[in-house]
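The values are calculated or read from the model by the stated rules, or taken from the named source; none is laboratory data. Everything numeric here is computed off the predicted structure, so don't read it as measured data. Side chains included, ligands, DNA and RNA excluded: accessible areas come from the protein's heavy atoms. Shrake-Rupley method; radii C 1.70, N 1.55, O 1.52, S 1.80 Å.
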Amino acid sequence: MSTFALILVMILSTAGPAAVIAVVGFSAVKSIARNPSASSKIFIVMILAFIFSEAIAILALLILYNLFTR
């Protein structure tokens, strides 16, 4: 594959998790503003969502690396 295709796929594989982090962060701040007493539960769920979305990004980049280094 060409270099342009590699760059395009890498951008797409990192843009998805970045969008998830942005939406989760916005929703967490919005929900803490509505209900401050639930901030500890919201924080835990937010951190777990961040971890899972970053894991997906890392796996996507590792798969891309393995596919295009041959």
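Laid out as a table, the results:
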| item | result |
| --- | --- |
| Over the chain, relative contact order from alpha-carbon pairs under 8 Å, at least 6 apart, % | 47 |
| Solvent-accessible area per residue for the chain (1.4 angstrom probe, square angstrom) | 76 |
| Largest to smallest principal axis extent of the C-alpha atoms in the chain, angstrom | 53, 17, 6 |
